[in-house]
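Working notes, beginning with the structure itself.
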């Protein structure tokens, strides 16, 4: 969104926190799980090193990319706008978009100790994730 839009609307969930994980780290976890079969049901959380809100995440990405975009608050129900807006700029279905946006309204701390014990790896720091994505994007343009 930071690359394609000149102004970013600031939905209410922008202060919700999560633990962003690099795609490279997530793919490593997923491919390594094959080597750890089990007969029991289990839920494993995966997360990055930082517990951070989306506003800070946007600001860091803009700083890293050099693409400043004002974050403008809108006093109307953003959920409805967000679903229609994301429908315009992506191919994600409205039902999936609605579920994703509803999930963003909550803080999502990660309890990833079980996964880290099962599959140890060094997770990329948030700024390294951003720099790597920026490099990849610039190389493919």
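A short reminder: the numbers here are calculations on the coordinates, not readings from a lab. Note that the coordinates shown come from a computational prediction; the quantities given were computed from them, not determined experimentally. Cβ atoms come from the backbone with ideal geometry, glycine included; neighbour counts cover every protein chain shown.
The gain in end-to-end length when the residue 16 to residue 52 segment is fully stretched comes to 12.2 nm, 0.36 nm per residue minus the alpha carbon separation.
Treating r as the C-beta distance of residue 31 and residue 84 and R0 as 35 Å, the FRET efficiency rounds to 0.45.
Modelled label positions at residue 116 and residue 39, each set 7 Å beyond Cα in the direction of Cβ, lie 3.1 nm from each other.
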